[in-house]
1. Would you please classify the overall shape of the range 267-341 from the alpha carbon gyration tensor, given that a ≥ b ≥ c denote the square roots of the eigenvalues, rounded means a/c under 1.5, and beyond that prolate means a/b larger than b/c while oblate covers the rest?
2. Projecting each Cα onto the charge dipole of the range 218-351 (Lys/Arg +1, Asp/Glu -1 at the beta carbon, about the Cα centre), which of LEU233, VAL326, ASN344 comes out farthest on the positive side?
3. Go through 199-205, 134-140 and give me the packing order, highest mean Cβ count within 10 Å leading.
4. Which of rounded, prolate, oblate describes the range 210-324, given a ≥ b ≥ c as roots of the alpha-carbon gyration tensor eigenvalues and a/c under 1.5 marking rounded, otherwise prolate only if a/b is larger than b/c?
5. Tell me, what ³J(HN,Hα) does each residue in the range 258-267 have, in order and in whole Hz, if you take phi through Karplus 6.51 cos²θ - 1.76 cosθ + 1.60 with θ = phi - 60° and put x for Gly and Pro?
6. Calculate the dipole size of the chain relative to its Cα centre from +1 charges on Lys and Arg beta carbons and -1 charges on Asp and Glu beta carbons; express the result in debye to the nearest 20.
7. Taking H placed 1.01 Å from N in the peptide plane, check which residues at least 5 places from LYS219 or on another chain put their amide H under 5 Å from its amide H.
8. To the nearest 500 deg cm²/dmol, what mean residue ellipticity at 222 nm is calculated for the chain from DSSP H runs of n ≥ 4 alone, each contributing -39,500 (n - 2.57), summed and divided by the residues?
Amino acid sequence: MLEDLSSVSLEAEINEREKAIQAGTAHYAESLPVEYQPDLAYRELFEKVLQESASRLAVAVGTVTEVVLAERGHDIALASLARAGTPVGILMRRWAFAAHGIEIPHYAVSIVRDRGIDSVALRYLAEHHDSRSVVFVDGWTGKGAIARELTAALRDFPGAEFDDDLAVLADPGNCARTYGTRDDFLIASACLNSTVSGLVSRTVLNDSLIRPGDFHGAKYYADLAPDDVSRHLLDTVAARFDDVRDEVAASVTAVLASDRTPTWTGWASVEKVREEYGISHVNFVKPGVGETTRVLLRRVPWRVLVRDADAPEHEHIRMLAAARGVPVDVVPDLAYSCMGLIKNVSSGDAS
């Protein structure tokens, strides 16, 4: 549920865009970064990562889907938070059909930090489904900012009873109670931008383009179609479903029997890093494999922190860091597998 802004020039050079965002003269959702297109070596690494992690991804997909079905029933609708949540919602829908023969409606909606979720999309969901049956889906948690944004937006939404329980594949930040795993592991869809997300850009909320009654917007990058691997990723993970059924069953049993109350330990660890590195705001610290990848793909990175210098789950991060000349620090007691620190473009560091 997005307005098509494909004909509008929204891309800004990364450094200039970062300056405007940090200066407070522009919000990050008002424009788009120029899509970073990795070289052949990186694309080959993506394929290697996908093949090696597909079974683990399938287990996480099966686990989170079965937990949702066990607690929310089969009469549900999935609402992915675009765009990281979109491939996850599709995979959950595929698992539900493969394992139970049920067709679950699936949507993708925009949510913007500091601006909330798309209220027009919420109204549409409330008019077409029992709002209590809508399950919001995302790829992973970092420090939990989007989980908090979702809770605040749904709490204030009139005339509906949406559940703010966010279902994610990975919850390393310990800020969701419905998850496939709490390990900070590599979700292959985090490695790329639109070419692993149906050629759709990140979402846009710009008052000069989005009028009252419109969905939030996004662009469709038709010119990148030759490099699109969106369906390839979905098919590769779904092909492992049959092989992991027993592992999923054991994982679901363990998850349902555990204390899943969010502890928000991820946020605490981010604050610790912020203090140790003299960083002015937590928004400059992006924890976890997925968020670190995003920093390198579409922000201005200052440095990368890793717990293990040679961990296979962030080989692609080390490759991106080398390509962009970003230093990598080894921090053995890091709470996450890795963190990305954004450069303060006015001072030259992240402070």
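1. oblate
2. ASN344
3. Per-residue Cβ counts within 10 Å, averaged per peptide and sorted highest first, yield 134-140, 199-205.
4. Because its axes are fairly even, with a/c under 1.5, the range 210-324 counts as rounded.
5. With coefficients 6.51, -1.76 and 1.60, one gets 8, 7, 9, 4, x, 9, 6, 5, x, 4 Hz.
6. 460
7. Under 5 Å from the amide H of LYS219: LEU5, SER201.
8. Using -39500 (n - 2.57) per qualifying helix, the result is -12000 deg cm²/dmol.
The values are calculated or read from the model by the stated rules, or taken from the named source; none is laboratory data. Keep in mind that what you see is a predicted model, and the values were worked out from it rather than measured. Here the Cβ is made from the backbone with ideal geometry for all residues, glycine too, and neighbour counts use every protein chain on show. All accessible areas refer to the heavy atoms of the entire protein, side chains included, with ligands and DNA or RNA removed. Shrake-Rupley method; radii C 1.70, N 1.55, O 1.52, S 1.80 Å.
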